[in-house]
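Have a look at the structure below, then the notes.
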Amino acid sequence: MVSNPVHGLPFLPGTSFKDSTKTAFHRSQTLSYRNGYAIVRRPTVGIGGDRLQFNQLSQAELDELASKAPVLTYGQPKQAPPADFIPAHVAFDKKVFLESQGIELNPPEKMALDPYTELRKQPLRKYVTPSDFDQLKQFLTFDKQVLRFYAIWDDTDSMYGECRTYIIHYYLMDDTVEIREVHERNDGRDPFPLLMNRQRVPKVLVENAKNFPQCVLEISDQEVLEWYTAKDFIVGKSLTILGRTFFIYDCDPFTRRYYKEKFGITDLPRIDVSKREPPPVKQELPPYNGFGLVEDSAQNCFALIPKAPKKDVIKMLVNDNKVLRYLAVLESPIPEDKDRRFVFSYFLATDMISIFEPPVRNSGIIGGKYLGRTKVVKPYSTVDNPVYYGPSDFFIGAVIEVFGHRFIILDTDEYVLKYMESNAAQYSPEALASIQNHVRKREAPAPEAESKQTEKDPGVQELEALIDTIQKQLKDHSCKDNIREAFQIYDKEASGYVDRDMFFKICESLNVPVDDSLVKELIRMCSHGEGKINYYNFVRAFSN
């Protein structure tokens, strides 16, 4: 066994050491020139700078030694006996640290790894006996057996998303999955039959296969830890395939039998996923701005092109040209408004009200139309449900509020009484009684006044003859209309008498020919003490 000349150790792998102080490993120079001639010299140091352990002889001495024959001089040399061989394990037995020899060693280092030794350390392969259930047997056993599931994909959380239905087929013969779209009539989609073609679907990928280009390359078993199997498809649970979460809500009878026999699952109920209509949104009308009727303004919110509100045609035909007239006074703290009178006209066909103010000469107030035809809303009624004034709200003493102005009903015409008596169910007994008492009191003057007038003026026949003469003479006069109403406006107590000054003012406003001799005589006969005139008899001359 060759030993290491420096350390005395056997020259084996792991027992040879390198001197870290050696840096030059080139061969020594053996060719030189002297006086132009090349001279060969023997090297004194070897590779690495180690000194060569032999005498340096010249070439002449070497030639001389080569020509000598020592055998001729000394004879045949005797061969020395071989030295006893001592194995290394005997020579170095019980010899551990080299400090006794004066040799200092470096700190221990890790042994270099041997590739072959490391290969031998790998565990041996384990061989498992393959199951008898191979792919061929699976194909032959479950051929044409398909599990059918009904699922939905709810994408309503995203913009323009919707809830769509699908049919998932699971083929037991090769554990592949197919997803088919369910199309409805007029759903606005192209009739593509498949969302996903038949293929195996990975459930869990390996850590390094998350960035695998699945769109261009097929996934193999090296990139998948677990595939989807039949036990992953359960009714009532969700599963994610191709980034979409499908909720399984039902399956066919064959699938129910398979799960009962294979997995012992018997409770697979059908889940109701039908679309529920959202609660209707209440249409809130904007606040009423005060222009026009509420019904007309609301039509702008019901349709893009507003239409007129529907009218009760039967009511309009039955009540056509039927008008109820009332005399009212304005309730106002202003002194100038106390003597103002207004005529309310209630149109039964449309439930509208118009207000007319009779003109009074030299009153400083321009009479005429005060309010055009419109429906008047009762106070304290809401905009969403307005309540309008009706015929039952008008009676003697009733307060009618029209757009912030309060009016008090003072008088009516005879047609109102006839209408109320024919439609007594629409009125309260108090309202009907107030109108009846007022009309009777107006048409029949006080008995005391008639008795006094009869006692004072025994010529009643003369008065009747004068009234007939005036009626014949002034039958075409323009003052005939509304002359009674004009006097009743200023007769607040309905006594049948007015002041003399007021009497002439009313006659002047109505263009009554008071300068006529017959009219003067009639005024004289209707005059009463204390400066009052009985206008009942005077009006009779102009009412026929």
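The values are calculated or read from the model by the stated rules, or taken from the named source; none is laboratory data. All figures in this text were calculated on a predicted structure; none of them were measured in a lab. Cβ atoms come from the backbone with ideal geometry, glycine included; neighbour counts cover every protein chain shown. The area values use the complete protein model at the heavy-atom level, side chains included, leaving out ligands, DNA and RNA. Shrake-Rupley method; radii C 1.70, N 1.55, O 1.52, S 1.80 Å.
Yes or no: region 168-189 includes at least one residue that is without any contact (Cβ under 8 Å) to a residue 24 or more places away in the chain, among the small types (Gly, Ala, Ser) and closer than 24 Å to residue 275 by Cβ. Don't jump to the end; show me each part of the working.
Filtering region 168-189 down to residues without any contact (Cβ under 8 Å) to a residue 24 or more places away in the chain leaves 178, 180-189.
Now narrow it down to the ones that are among the small types (Gly, Ala, Ser): 188.
Imposing the further condition that a residue be closer than 24 Å to residue 275 by Cβ reduces the set to 188.
Within region 168-189, one or more residues are without any contact (Cβ under 8 Å) to a residue 24 or more places away in the chain, among the small types (Gly, Ala, Ser) and closer than 24 Å to residue 275 by Cβ.
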Cross-chain or 6+ apart pairs with Cβ under 7 Å, region 405-426 first and farther than 14 Å from residue 395 by Cβ, then in a helix (DSSP H, G or I): 414/439
Condition check for residue 175: touching a Gly at 6+ places or on another chain (Cβ under 7 Å) and among the charged types (D, E, K, R): no
Odd one out for residue 103, checked against (1) within 31 Å of the chain's Cα centre (by Cα); (2) outside the structural domain of residue 255 (by the TED database); (3) of a type in the set (Val, Ile, Thr): (1)
Residue match in region 122-136 (condition: open to solvent by less than 100 Å² (accessible area, probe 1.4 Å), of a type in the set (Gly, Ala, Ser) and closer than 30 Å to residue 177 by Cβ): yes
Failed item, numbered, when residue 280 is tested on (1) free of Cβ contacts under 8 Å to residues at least 12 places away in the same chain; (2) crowded, with 16+ Cβ neighbours inside 10 Å: (2)
Residue list for region 389-422, filter: among the aromatic types (Phe, Trp, Tyr) and either surrounded by 18 or more Cβ atoms within 10 Å (Cβ to Cβ) or in a helix (DSSP H, G or I) (or both): 389, 394, 395, 407, 415, 419
Unmet criterion (only one of (1) open to solvent by 100 Å² or more (accessible area, probe 1.4 Å); (2) modelled with pLDDT of 85 or more; (3) more than 25 Å from residue 229 (Cβ to Cβ); (4) of a type outside the set (Val, Ile, Thr)) for residue 144: (3)
Within region 201-251, tally of residues that are more than 24 Å from residue 173 (Cβ to Cβ), modelled with pLDDT of 90 or more and aromatic (Phe, Trp, Tyr): 2
Selection within region 80-91 - open to solvent by less than 100 Å² (accessible area, probe 1.4 Å) and under 18 Å from residue 12 (Cα atoms): 87, 88, 90, 91
Filter pass, residue 236 being under 28 Å from the mean Cα position of the chain (by Cα), part of a loop (DSSP other than H, G, I, E, B) and on the phi > 0 side of the Ramachandran plot: yes
Failed item, numbered, when residue 425 is tested on (1) out of contact with any Pro (no Cβ under 9 Å at 6 or more places or on another chain); (2) over 24 Å from residue 315 (Cα atoms); (3) open to solvent by 50 Å² or more (accessible area, probe 1.4 Å): (2)
Close pairs from region 246-272: first assigned by the TED database to the domain that holds residue 203 and closer than 19 Å to residue 166 by Cβ, partner open to solvent by 80 Å² or more (accessible area, probe 1.4 Å) and not in a strand (DSSP E or B), Cβ under 8 Å, at least 6 apart: 247/237; 248/237; 249/270; 249/272; 250/270
Scan of region 320-346 for residues that are more than 17 Å from residue 415 (Cβ to Cβ), of a type outside the set (A, V, I, L, M, F, W, C) and assigned to a loop (DSSP other than H, G, I, E, B), ordered by number: 332, 333, 338, 339, 340
Looking only at region 92-120, and only at residues there that are over 28 Å from residue 20 (Cα atoms) and among the acidic types (Asp, Glu), the one that is least open to solvent (accessible area, probe 1.4 Å): 118
Residue that is modelled with the highest pLDDT [pool: residues in region 483-521 that are loosely packed, with under 13 Cβ neighbours inside 10 Å and assigned to a loop (DSSP other than H, G, I, E, B)]: 511
Identity of the residue in region 363-392, of a type in the set (Gly, Ala, Ser) and on the phi > 0 side of the Ramachandran plot, that ends up modelled with the lowest pLDDT: 364
Residue within region 337-356 that is open to solvent by 60 Å² or more (accessible area, probe 1.4 Å) and over 25 Å from residue 291 (Cβ atoms) present: yes
Residue 268 surrounded by 11 or more Cβ atoms within 10 Å (Cβ to Cβ) and touching a Gly at 6+ places or on another chain (Cβ under 9 Å): yes
Subset of region 434-444 (residues that are open to solvent by 40 Å² or more (accessible area, probe 1.4 Å) and among the aliphatic types (A, V, I, L, M)): 444
